[in-house]
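Here, each number is a calculation from the coordinates, and none is a lab measurement. Note that the structure is a prediction, hence the values are computed from the model and not measured. Methodologically, a virtual Cβ is constructed for each residue, glycine included, from the backbone with ideal geometry; neighbour enumeration extends over all protein chains shown.
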Amino acid sequence: MAEYDLTQTIIPYYDRHLVFPLLAHLSESDTFPVEQVQAAQYELAKGTNMVDYAVSLFQQLYADQEVPSEFAAKREGAVSTNERLQQEAQAVLDVIENPEVAQALRQDKMQNLQYLKEHYNVTLEQINALYNFGKFQYTYGNYSGAADYLYHFRVLSTDADLTMSSHWGKLASDILTGKWDVALEELNTLREAIDSRAPSALPGAFSSPSGSTSDPALMQLHSRTWLLHWSLFVYFNHPEGRTLLLETFLTPTYLNTIQTSCPWILRYLATAAILSRKSTGTTSSRVRHSIREIVRVIQMEEYQYQDPVTNFLKELYVEFDFEAAQKDLSKAETVVANDFFLGEFRDEFLDNARYLISEAYCRIHQRIDIGDLSDRLNLDRDEGEKWIVNLIRETRMGADAKIDLEKNVIEINRPPQPIYQTVIEKTRGLAFRTQALGAAMVRPQQQQQQQPQQQQQPQAAITTEAQPAVVEGAR
Amino acid sequence: MSRFFRQAGDSDSDSESSSEEELMSSDDEGTKPTTTAKPAMSRFLRTAGDSSSSDSDSDSEDESDSDDDDEAQGSKKKSRFIRTSDSEDDDSDEDVKRVVKSAQAKRLDEMEASGKLMDNALKINDWVAISSEFDKLIRMVQRQQNVAEPIPPFFIRTLTGLETSLNSALAKEKEAKKKMNASNARALTAMKQKVKKVTKEYENDVKQFQTDPEKFESDYLALVSTEAQPQKVKKVKKAAGDSEEEDDDFTTVGKGGKAMQFTAEGIYKNLQLVQEARGKKNTDRTEQIRILEKLLEVAVTNYQRIRVLLALVSCRFDNNSSISAHVPIDLWLAAQKEVDQLIAIIAENPAYSIQEITEDYDELAERSPETEKDGIVRIRGSIISFVDRMDDEFTKSLQNIDPHGTEYVDRLKDEKGLYCTICRSQALYEKLGQDEPLGRVVMRRLEHIYSKPDAVVSALEAAVAAADFTPSIALDSSNDITSLIHSLCTFLYRSHNSLLRTRAMLCHIYHYALHNKFHTARDMLLMSHLQESIHSADVATQILYNRTVVQLGLSAFRCGLIKESQQTLQDIFGTQRVKELLAQGVHQQRYQVLSPEQEKAERQRQLPFHMHINTELLEAAFLVSSMLVEIPLLASIDSEEQKRKTISKSFRRLMDFADRQVFTGPPESTRDHIMQASKALQDGEWEKCRDLIQDIKIWSLMPECASVKEMLAKRIQEEGLRTYLFTYAPHYSTLSLSLLSRTFSLSLRQVTSIVSKMIWNEELSASLDQAASVVVFHRIELSRSQQLSQTLADKVNALVEQNEKALDQKLGQATSWQSRGEGGQGDKREQTGERRRGGERSRGARGGARGGRGARFAQGLGNQMSGAQRNR
C-alpha cells in the first residue's frame, strides 16, 4: 500500500515538529521498513532542540555506537539560551499577569503599548522577547508553554510578520498538545488573517522552506496550501471537524488552491464528504451537495491525482460501474485504514460508502436481487439482508421499497413526480430571488464600498467553469 | 564595357571642344565626337560638360582635385596600376601635377584615364578593350604632337609596360591553349602588331626613357614648366569621395563611369558617403551594396569591419522599399551571413560593443580599445533589430512565395540558418548580459519552434549545437523538446515585458496542446487568465491566442474529450471566419468591401503556409464532435420549444440544410460525410455512421490517426446507444439490456453504465430491473395544460434570471449581492445558487465573448460588425 501513502507528499508542507506524529504513525504501521522510519525520525529530531529525544533515537538506531558529543554541547547551549530568554520574557510576563494591567488593556494595540510603556516601562523589544522565548520553547518540545507565550505576544505585538508567525506557531503548539477546540479557533483566526491580507503570510519562523518569493498572490497560495495541510490535524480530530473541513475546503478559493498546488488533498476532501453523508440538520447546502461538487473536481483533476478513494467516487457517480466501485472500495478501505488522519474513521467510512452505493443502486434499479446487492457491498448474504433492511428503514425511500423474500428481491416502486410538483419546485425560489433583487437595488452604495475588497482576492487558480473563448482578433 | 568607355572618351573630347575652343579648335573636327552619347553620359563627364557651359573654374577645380588626390593617395596606388615601372612613378606624378594649363592637363588626364582602363583590362585579359584604348591613346598622343607638345613620359611608360605584358600574355597564351575566345585572341595579335609599330615610331623616346627615365622626365618637365603657370585655385573639396573615386584604382565603376578605389584609410569616408546617400531618391541601392562589399574586403581592423557590416546589413534590407514585397533571397542570405560575421566579431572581441545609444563619436576616425577611455569601443547600431528584421523578412518571403512550389521548400531550408543566427545572437546577449534584447531574441527563437513537430525542432537544434557559439539554453541530451520549450518559456516569464510573457505563455500552451497534454495546457490557459485580457492585446497576439485555443480544441479531440473539444472549437466556428481569425486567409466579406489599407494590413498578418493549422481538419474535428454532442441531444428533446436551445448553431444549420436536400448522393466532401453520418446516427445505424466518419480522408493528416479513429468508433457506439434510447423510449415499455448490448456491440457492463448514467442524470425516466435485466421505462404523457404550465414556469425563471443579470451588469461586480442574499434558508437558497452558477457559466463562456466582440468591433474596426452579424 506504499504507493498510496501520502506521507512523503505532504511532509514538505508541515513544520518539523508536526511531522513527528506522522512518522510515529508510520513506524506503527508496516508500510515502510522500521529502520528507515527510525532513521527519518532521527534526522528530524537532530534539527530541533529536543536533544534527549534525538539521543534516544540515536541509541535505538545505532545501538553499538557512541553518542556523538555534539549533543551534549547542544544541550548545554539550549539550557543556557533557555534561561536567558526566560529571564527576558519573565519581566514582561510579570507585568502582564498583574490583574490591574489585564484590566487596563483594551482592543487597541497601539494604546496598550503606550500604556505599558508609560506605567511599567515595557518596550517593544521586551515584548519581542516573549516571542523569542515562545519560539525557543517550541523548538525543545514544550508546546503548551510556547502556546502561552505566543498568545501573550500576539495580544501585544504590532509587528505584522511576527504576529503571523506567532499564529502559525500557536496553531502548531495547539495541535501538538492536542487541544482541538483551541486549535480550531486558532485555525479560523489564521485563516482569516491569510484571507484578509495578501502579503507575507508564510510561516517564516516555524517552517523550514521559506519561499523568498515576493509575489503576494503566490505567497497567499503558499500560505493557503500550508493551511490546508495543517488543518487536517484539526479537522480529523475535532468532533465537528469533517463538516467544517467541507465548509472550508469547498470555498472557491481553497478549492482552487487544492486544484493548483495540492490535488492529493482531494483524498481527504472525498473521505470527509463520504463521512459526513448522514449529517443532517444545520448543515449548509455546500456540505449537503459536497459529493456532487467533489466528483466534478475529481474528474477534472483525474490526470493529476487519483487514488482508491477518489476512484471509488468516480466509478460510483461518473461511470456508474458498481463492480469497479466495489473493487475500489475494498482498496480504499486499506488506504483509509493506513492513513494517519483517516485511520480512525475506517469503519465509519466503510459504512457510509455502503450507504452511498446502495442509495445510487436503488435509485437506478427497480428490482434488485438482495444477493447481488450484498456482493456489491462486500457483505455476505445474511449480513447484507440485515443491512438492507436497516437501510430501507432509515432512509426516506422506506415507503417505496419492499423486500420480497420469496424471490429474494427488493422491489422499488418510485412513482414519477407529478407535474404540479415539478412546477412548484421550479418556481419556488422565484419570490425570494426577486426580493433579493429588490434589496440589492436599494443598496448599490454599500455595494460599491465592498467592491475593492472583493477584487483584492487574488485569483491564483483556475476558474473551473470557464472554457477558453476564441478572440476575434484577426482584424 | 568597351563601348561605354569609348563613349566616355569621345564625349570627353566633345566637352573639350565646347570648353576649350580657343585652344584646340582644329582637333575637334578631327576626332568627330559622337554626340549620341549624351544621354548615357556619366557623372564624371557631366561635371566636365556642365562646367564648360557655365564656367571654366570648375575645370580647374577638377584638375586641382585630381592633383590633390594624387598627392593624397601616394605612391601605393600608382604602383598598383603601373606595375612595370616603379621608380618613375613619383616623378611622373609630379609631372602631372605641374600641368596647369587646362587643355594640356585635360589631355594628360585623358591619357592617363585610358592608360588606367588599359591596365584594368590587362588584369582581366580583355585584349579587345586594350586594343581600342590603345588606339585612342595613340590618337591623343598624335594630337599632342600636333600642338607641338612633348610626348609625356606617361605614354612611353605605358608603351613599355604594355610591351612586356603583351609578351607575357602571349607566352601564357601558348601554354594554356583554348583559354581565350576568338575575338580576344584576335585583338591580342592585333595589339602585338600595333605595339610593334608604335614602338618603332617612338623608338628614340623609348630608348631614351629606358636608358635614363629620370632624365627623360625632367626634360619633359622642364619643357612643360616653361609654359605652365601654376594655378592657385584651391577650393574646398566638393566631396571627398568624389575626388577619390576619380583617380583611384578601379575596382568599381561608379554611376558616373568613375573608378572607385577602396582602401582601409578611405573606409570611413566611403561609409559616410553611403550613409548620406541612404534614403535619397536617386540612390542606386545595388550600387551602394557593392561599394560596401568592397569596403568590407579591404577593411582591416575589427572596428572597420564592424562599421562596414553594420552599414552593409542595413543597406541590404534597404534594398527593398515596399512593405509588401520581400527582400530578394540572395540578399537575405548574404545579410544573414554578415550578421553571423558581426556577431562572431563582437563575441570574439569583448572590447567592442554595439549599442543603440552611444555618445557621439567621430565617424571618420579610426577607433580601437586603446583610444577609448574605458577600453570599450561603443558603436552605434543594433544587432537585435537586424535579427528581428531578418526574421520578419523571412516570414514575408514565405508569405509571398507560392506554398505549393519547390521554391517554398527551398526557402524553408533557410530557416535552419536563421535559427542558428538567432541562437547565436542569443548567446551573444547572454554573454553581454543584456536582458532586454535577450528576451526579444529568445522570443524569436521560441516562435520558430513552438509549433513544430519534435523531429524538426531536433534538426534545428542539432544545427545550433554544431555551431561554435551556442546559447546556454539548448536541447539536452535526452532530446526532450518539451523541456527545451519549458526552459525558454520560463526564461521569458521572468522578463519584464508583459507582451513577451503573454506570448511565451501562449506558445507554451500551444506546445503542450500539440503534444496532447490537454489538461496541462488547459490549466495553464485558465490559470493565466489570458481570456480576460486578450481583447486588449495586439492583433498578432490575438491571432496567437486563437491558434492556441484552436490547437487546444484539437488536442482535446485527439485525447477523446469530445465535449471539451466541441466547446473549445465552437467559438471560433460560430463566427464563420475561421481562416481569418487564424490568419490563414483573407475572408471574403459579403456585404462590405475592405479598403486597400485594411487588405494590405491583413495580408501582412497572414501566417506562412507551413504554420497553418489545417482548417479542413479543424472543421472535421469540430463537426464530428458537434455531431456526437448534438445528435443525442436532438433526440432527447421532444417539443419544438426546447429545440431552440441549440448547442452548436453552425452544426445545426448544416443539418437543416442537409435535411432539405431532396436527393443525397454518395458523400464527397468532409461535410457530406459528417452530415450523412449524423443522419445514420439519428436512425440508430451506428455502423454506417462509423464507416462514414472513418472514411473521411482528412484524418490522415492527424497524428495518431488510427487511435483517433478507434476512439471515434467507440464514441459513436456510445452516443448511438444514447440516441437510440432517447428516440425509441416512448415506443417501448421495457428493453432488454442484452439486446442493446448486441445491437451496439458494447459489453453489458458498458450498456448498464450508460443507461445508469442516463437514469441518474434524469435524462431518461426509466429504471433497471436487475432480475430480468431489462430497462423499464416510465413515460408519462403530458397533457397540453401541463406542458404549458411547465413552459410558463421556465419562462418565469428565465425572466428572473434576466433581471439578475441586468442588475449584475449595473452593479458591475457580479453575484456579490446574491451571495449576501443567501442568508435565507434551505431549498430556496440552494436553488438560487444553482441557477446563478448556471447563468454565470453561460455568460462566461458565450455571452461575454460575444458581447465583448461586438463592442470591440464598434470601437476599432469600423462597420464590419453589421455584416458579420448578418452573416451569422
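The table below lists the values:
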| quantity | calculated |
| --- | --- |
| Dimensions in Å of region A:216-363 - Rg and Dmax from alpha carbons | 14.6, 50 |
| Shape parameters for region B:732-780, alpha-carbon atoms, Rg then Dmax in Å | 10.1, 30 |
| Local net charge near B:Ile698, Cβ-Cβ under 10 Å (Lys/Arg +1, Asp/Glu -1) | -1 |
| Vicinal HN-Hα couplings computed from phi for region B:499-505 (Karplus, 6.51 cos²θ - 1.76 cosθ + 1.60; Hz; Gly/Pro x) | 4, 4, 4, 4, 5, 4, 4 |
| Compactness of region A:58-156 - radius of gyration and Dmax, Cα, Å | 18.0, 60 |
| Sequence of B:Glu461, A:Glu293, A:Glu28, A:Glu125 once ranked by neighbouring C-beta atoms within 10 Å, starting from the fewest | A:Glu125, A:Glu28, A:Glu293, B:Glu461 |
| Length-normalised contact order of region A:275-391 in % [C-alpha pairs under 8 Å, at least 6 apart] | 19 percent |
| Amide hydrogen neighbours beyond the local backbone of B:Gln355, cut-off 5 Å, H modeled | B:Ile379, B:Arg380, B:Gly381 |
| For B:768-776, mean number of other protein chain Cβ atoms within 10 Å | 5 |
| Violating pairs (Cα-Cα greater than 32 angstrom) within the set A:Lys386/B:Lys563; B:Lys136/B:Lys207; A:Lys426/B:Lys579; B:Lys172/B:Lys207; B:Lys269/B:Lys416 | A:Lys386/B:Lys563; A:Lys426/B:Lys579; B:Lys269/B:Lys416 |
| Reciprocal mean inverse distance between Cα atoms of region A:98-191 - Kirkwood radius, Å | 13.6 Å |
| Sorted by Cβ neighbour density within 10 Å, fewest at the top, the residues B:Asp695, B:Asp340, B:Asp571 | B:Asp695, B:Asp340, B:Asp571 |
| Peptide B:752-759, shielding by other chains (average Cβ, 10 Å cutoff) | 5 |
| Sequence-distant residues sharing a close amide H with B:Ser736 (under 5 Å, placed H) | B:Val775 |
| Convex hull (Cα only) mean projected area of region B:401-496, reported in nm² to one decimal | 6.7 nm² |
| Vicinal HN-Hα couplings computed from phi for region B:682-690 (Karplus, 6.51 cos²θ - 1.76 cosθ + 1.60; Hz; Gly/Pro x) | 4, 7, x, 8, 5, 5, 4, 4, 4 |
| Other-chain or far-sequence residues with amide H under 5 Å of A:Gln366's (modelled H) | B:Leu768, B:Asp769, B:Gln770 |
| Whole-number percent relative contact order across region B:732-780, with pairs defined as alpha carbons under 8 Å at least 6 apart | 44 percent |
| Dipole magnitude of region B:401-496 about its Cα centre (Cβ charges: Lys, Arg +1; Asp, Glu -1), debye to nearest 20 | 200 debye |
| Whole-Hz ³J(HN,Hα) from phi, Karplus 6.51 cos²θ - 1.76 cosθ + 1.60, for region A:264-271, glycine and proline x | 5, 4, 3, 4, 5, 5, 4, 4 |
| Positive minus negative residues near A:Tyr303 (Lys, Arg vs Asp, Glu; Cβ under 14 Å) | -2 |
| Inter-chain Cβ neighbour average for residues B:793-805, partner chain, 10 Å | 3 |
| Per-pair calculated FRET efficiency, R0 = 35 Å: A:Ser196 and A:Glu97 via Cβ, rounded to 0.05 | 0.70 |
| Fewest-first sequence of B:Leu764, B:Leu117 by Cβ atoms within 10 Å of each Cβ | B:Leu764, B:Leu117 |
